[in-house]
1. Do you know which of the residues in the stretch 216-268 that are part of a strand (DSSP E or B) and of a type in the set (A, V, I, L, M, F, W, C) is farthest from the ligand (Cβ to nearest atom)?
2. Part of a loop (DSSP other than H, G, I, E, B), touching a residue at least 40 places away in the same chain (Cβ under 8 Å), within 20 Å of T121 (Cβ to Cβ) and not small (G, A, S): is that true of K208 in this structure?
3. Does A23 satisfy the criteria of being in a helix (DSSP H, G or I), touching a helix residue (DSSP H, G or I) at 6+ places or on another chain (Cβ under 8 Å), closer than 30 Å to A327 by Cβ and open to solvent by 20 Å² or more (accessible area, probe 1.4 Å)?
4. For the stretch 38-153, please list each of the strands (runs of 3 or more DSSP E) lying entirely inside it that holds at least 2 residues being among the β-branched types (V, I, T) and open to solvent by less than 30 Å² (accessible area, probe 1.4 Å).
5. Out of T392, T382, which single residue is under 16 Å from A185 (Cβ atoms) and either away from the ligand (no atom under 16 Å from the Cβ) or surrounded by fewer than 24 Cβ atoms within 10 Å (Cβ to Cβ) (or both)?
6. From Y417, Y360, which residue is buried (at least 23 other Cβ atoms within 10 Å of the Cβ) and assigned by TED's automatic domain parsing to the domain that holds E41?
7. Tell me yes or no: at least one residue of the stretch 405-425 is in a strand (DSSP E or B), touching a residue at least 40 places away in the same chain (Cβ under 8 Å) and touching a Phe, Trp or Tyr at 6+ places or on another chain (Cβ under 7 Å).
8. Which of the residues that make up the stretch 156-183 are open to solvent by less than 10 Å² (accessible area, probe 1.4 Å) and more than 13 Å from C203 (Cα to Cα)?
Amino acid sequence: MHYPFEPYRIKAVEPIPILSREARIKRIEEARYNLFLLKAEHVTIDFLTDSGTGAMSAAQWAALQQGDESYAGARSFSHFISTIRSYMPFKHIFPAHQGRAAEHLLFSVVMKPGFIVPNNTHFDTTRGNVEYLKGEAVDIGSSEGMQASEEHPFKGNMDCDRLRNLLEKNADLVPLVMITVTDNASGGQPVSMENIRTVKAICDEFNKPLFIDACRFAENAYFIKTCEPGYEDHSIESIVREMFSYADGMTMSAKKDCLVNIGGWVACNNDAWAQQIEDQLILFEGFPTYGGLAGRDLDAIAVGLTEVMDEAYLRARVGAVAYFADALEAVGVPVIRPPGGHAVFVDALACLPHVDALAYPGQALAVSLYVEGGVRSVEVGTVMFGKQPDGTEKPAKRDWIRLALPRRVYTQSHLDYTVDVFKRVLECKDNLKGFRIVREQAHLRHFTAHFEPIKNS
Ligand code: F0G
């Protein structure tokens, strides 16, 4: 196990809250056993998400000062657009306040009730946006991606046979094909260049545009460089340019691979769609040269977009995730192999086989990690994906928890501490009980649901 060298040093620090076990039991009860409802000041190590939680560089903080806050035509907008376009040369690029706003802008223009969107795996907000507009979000990830313990370098790949079948049967109902890099919902697994190229060729056959949900494009590019034959000597920038050369558009959450705390964009080459997206943008987000962001945010995004492609940074980033996964596995935690780019995923059902899938083993494991050590993770299983559009509930395909690493925030000792917390959880795991939901919303219920422990599950 090797912990990678971080190519930066710390310039500003923030204290970490440390609570007693008794205090944590009280806090999680108050939060109705939903980790999203905890106050961050009661969390010791926060692995809830890698989204918007990263540390900005000195250069990004300096860029904030350069922000041009003019309502229209700001210099910051030109900086934003020219930086994006140098890697992702789309004709139309619109800023949005985050990824789901970009998704909403896109889908509100391209979707009609009954339409189908194929994706390797929809992230929950992407699925939510498609379903909200009465469309069907169909996941067609590769079969390797479904095998939790199988080592395959590109488990995020799309199943091209299933894509072809779907298009042969239902091309009229498909407005676009989407591919998510890395495939967050299936473990942060990367997609190979070969797969993107093949998906694009199939899209061309059926005259369908290919969109990339690009949140973690740089981590994906690093996997292509290190795992895909023929790319060893390519720079990250050239890999990124090739990835996007196959796309007709993209949605982006800058909160991930632009190393900022807020922001995103939607881009496309289709003039008619762009016109309608712009109308929606003005109505709901802001004027097209700021799209719901401050000028300074656009500058910080532009700087982060360049910084994230530093190979030394990506080596440290992906290396820290691999170190964490190996260290957890060494103490007996069933981690999903190989580790992805931004998070370690743990198979909660394998860890707690005595907890029924409909009693949410992922939630039970996540709550226990908080109680034992103040570690916040997130359930990615039946709570998140089990609710069906008809209101019934089914066990999700996987019951995992995710520990997502904020970028440039935690060090090796924080990861080692978390491994010790897991050891304590494993010692008492046979006594852990499941949960039931006592309150939930129609969409994205995991964010706000209230839970209650099941006494005798
Ligand atoms: N697409 C993917 C693949 C994502 O992982 C996310 C966000 C989004 C779209 C939406 O972006 O949050 O800026 O609106 N993922 C975060 C996460 C929330 O924790 O994985 P957003």
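The values are calculated or read from the model by the stated rules, or taken from the named source; none is laboratory data. Bear in mind the structure is a predicted one, so any value in this text is a computation, not a measurement. Please note: Cβ atoms are built from the backbone with ideal geometry, for glycine as well, and neighbour counts cover all protein chains shown. These accessible areas exclude ligands, DNA and RNA; they are computed on the full protein's heavy atoms, side chains included. Shrake-Rupley method; radii C 1.70, N 1.55, O 1.52, S 1.80 Å.
1. Quick first cut of the stretch 216-268, residues part of a strand (DSSP E or B) only: 249-253, 264-268.
Pick out the ones that are also of a type in the set (A, V, I, L, M, F, W, C) and you get 250, 252, 265-268.
Values: M250: 11, M252: 8, W265: 11, V266: 11, A267: 14, C268: 16 Å.
Across the stretch 216-268, the extreme among qualifying residues is C268.
2. Details: part of a loop (DSSP other than H, G, I, E, B): yes; touching a residue at least 40 places away in the same chain (Cβ under 8 Å): yes; within 20 Å of T121 (Cβ to Cβ): yes; not small (G, A, S): yes.
Criteria met by K208.
3. Values: in a helix (DSSP H, G or I): yes; touching a helix residue (DSSP H, G or I) at 6+ places or on another chain (Cβ under 8 Å): yes; closer than 30 Å to A327 by Cβ: yes; open to solvent by 20 Å² or more (accessible area, probe 1.4 Å): yes.
Against the criterion (in a helix (DSSP H, G or I), touching a helix residue (DSSP H, G or I) at 6+ places or on another chain (Cβ under 8 Å), closer than 30 Å to A327 by Cβ and open to solvent by 20 Å² or more (accessible area, probe 1.4 Å)), A23 qualifies.
4. Numbers: elements: 92-96, 116-119, 136-139.
Hits in the stretch 38-153: 116-119.
5. Details: T392 fails: under 16 Å from A185 (Cβ atoms).
None of the others qualify; the one that does is T382.
6. Answer to the check: Y360.
7. Taking the stretch 405-425 first, the residues in a strand (DSSP E or B) are none.
No; the residues of the stretch 405-425 include none that is in a strand (DSSP E or B), touching a residue at least 40 places away in the same chain (Cβ under 8 Å) and touching a Phe, Trp or Tyr at 6+ places or on another chain (Cβ under 7 Å).
8. Here is the first cut: in the stretch 156-183, the residues open to solvent by less than 10 Å² (accessible area, probe 1.4 Å) are 156, 158, 163, 167, 174, 176-183.
Hits for the stretch 156-183 are G156, T180, V181, T182, D183.
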